[in-house]
Structures are given as structure tokens and as C-alpha cells.
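Okay, structure first, notes after.
The values are calculated or read from the model by the stated rules, or taken from the named source; none is laboratory data. Owing to the predicted nature of the structure, the values given are computational and were not obtained by experimental measurement. We place every Cβ from the backbone using ideal geometry, glycine too, and count neighbours over all the protein chains shown. Surface areas here come from the heavy atoms of the whole protein model, side chains and all, with no ligands, DNA or RNA. Shrake-Rupley method; radii C 1.70, N 1.55, O 1.52, S 1.80 Å.
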Amino acid sequence: MIHGKVVAVTGASSGIGEATARHLASLGAAVVLGARRTDRLDRLVAEVEAAGGEAAALRVDVTDPDDLRALVALAVERFGRLDVLVGNAGVGRIGPVADLDVDGWSAMVDVNLKGVLHGIAAALPVFRSQGSGHLVTVVSTSGLKIVPTQAVYAGTKNAVRTLLEGLRQESTDGMLRTTSISPGYVRTELIDHAVDDPAAREQARRNMADLGIDPAAVARAIAFVIDQPDDVEIGDLTIRPTRQG
């Protein structure tokens with residue numbers, strides 16, 4: 001049952017995060033939105049409320065543990081609890097390891113891995129005090145099929161997958177659910193910052209426009225895993241275009 005749940009979403013200003021916020025709000029969840037682009041968050045909150053939903057937003061940089069604690073605190077203060085944390089914020093840099101993009105590697109580790117850890121550290125105490133909670137984390141099919149130019153990106157996503165499985169095994173008292181969502185090609189802004197070369201970036205955008213699925217499809221998958229009975233956990237869910245190799 002999604003109606004009445006309180007769901008926090010990181011990376012909520014666009015793409016999968018925005019679509020998830022809209023969809024869950026339409027199903028009756030109160031959504032608490034975090035991202036760095038507050039102008040987009042404010043518009044999204046206004047649109048959700050105009051449609052009769054409940055929403056709140058806060059500027060969140062997932063590399064800062066204090067920002068995640070503040071997001072969780074906002075949920076509890078505004079709506080009385082936090083039922084689900086959707087860890088969606090992520091960055092990608094595409095290129096051979098031999099390019100030695102050390103700054104890009106660090107950014108992916110900081111956002112894709114440490115950002116998830118910061119969310120867990122913020123949410124887990126609240127979940128334990130409530131006696132229930134759900135961590136839904138967006139990883140990637142890049143971690144399922146390893147290809148050249150995505151080694152570090154896939155590494156960060158698989159690190160998160162491993163982390164969540166370890167946490168699941170530590171939490172079999174029925175209090176905590178963990179879910180890894182692995183999207184394939186999705187039409188989001190991720191590709192805009194993944195490639196430096198303008199020609200290669202434009203080609204990647206064309207490929208994504210041709211092949212990628214709508215972020216709303218991933219939002220529906222996230223809603224599906226949240227909507228399960230309390231004694232049911234969807235551990236891993238892969239969603240990708242039918243034409244993706």
C-alpha cells in the first residue's frame with residue numbers, strides 16, 4: 001500500500017527521481033525531495049501540491065552526510081515518519097580507464113557509493129526506531145553487463161549492490177527491506193555529463209533518444225517494489241528497453 005507512505009527521493013530534480021516523485025505522489029504518498037537544483041524542486045513541489053498531493057523539498061548534495069540527515073529530519077518533522085528512502089542521485093563518466101580521469105572516478109565514488117552510504121546512515125536509525133523501513137536504491141545494468149569505458153561506473157554500482165546485499169543479510173528481523181533497481185538505457189540527463197568530447201556526446205544523446213525508455217517506466221517499477229506486503233521484499237529488479245543488448 002503506497003497511499004499514506006512517506007517517501008524521500010534523492011536526485012529528484014529530473015529524470016528517474018522526478019518521475020518517481022510524481023508517480024508516488026499520484027498514488028497518495030507524501031514525497032520529500034532532495035537535489036541540488038532547488039528551482040526545479042520548488043516547481044515540482046508546487047505541481048504535486050496543485051494536483052492535491054503532499055510534498056516538501058530541500059537542497060541536498062548526497063556527498064554531504066549532513067544534507068541527508070537534514071532530508072530525513074524534514075520527512076519526520078513534516079510528515080511524522082519516513083517509510084522509504086529512494087537513493088537515486090548518481091553521476092556517470094564514460095571513458096577507458098587508461099584516460100586516467102581521476103577526478104571523474106572520485107566523483108562517481110563520492111556520489112554513487114558514498115552518497116548511498118550517507119543515506120543509509122541517515123535513514124537507518126529512524127527505520128529502527130519505527131520498526132520498519134525500506135531502502136530502494138537505483139543502480140544500473142552497467143553492473144550486470146560489464147563493457148569497456150564503463151569500468152569505474154559499473155564498479156561503483158556493483159559496490160552498492162554488494163553493500164545492500166550485506167545489509168539485507170544483517171537485517172532479517174523483518175524490520176528493513178532493501179531493493180536494488182537496475183535500469184538500462186533511460187532517457188535522462190545522465191549522458192549529458194558522461195562524455196567530454198562534443199561529437200561523442202551528441203552521438204550518445206542520439207542513441208539514448210532512440211533506445212532509451214521513459215523514466216516513468218522506472219518510477220512504476222519503484223512503486224511496484226514499495227507496494228509489496230510488509231513481509232515481501234523484492235531484492236533486485238532489472239528494467240531495460242526490449243531492444244537493449
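Annotations for the structure displayed:
- Scan of the range 131-175 for residues that are within 19 Å of V9 (Cβ to Cβ) and open to solvent by less than 20 Å² (accessible area, probe 1.4 Å), ordered by number: G133, H134, L135, V136, T137, V138, V139, S140, K157, V160, L164
- Residue within the range 55-74 that is among the aliphatic types (A, V, I, L, M) and over 29 Å from G131 (Cβ atoms) present: no
- Taking each residue of the range 231-243 that is in contact (Cβ under 8 Å) with a residue 12 or more places away in the chain and looking for partners that are open to solvent by 70 Å² or more (accessible area, probe 1.4 Å) and part of a loop (DSSP other than H, G, I, E, B) with beta-carbon atoms closer than 8 Å, six or more apart or interchain, yields T238/L144; R240/Y185; P241/Y185.
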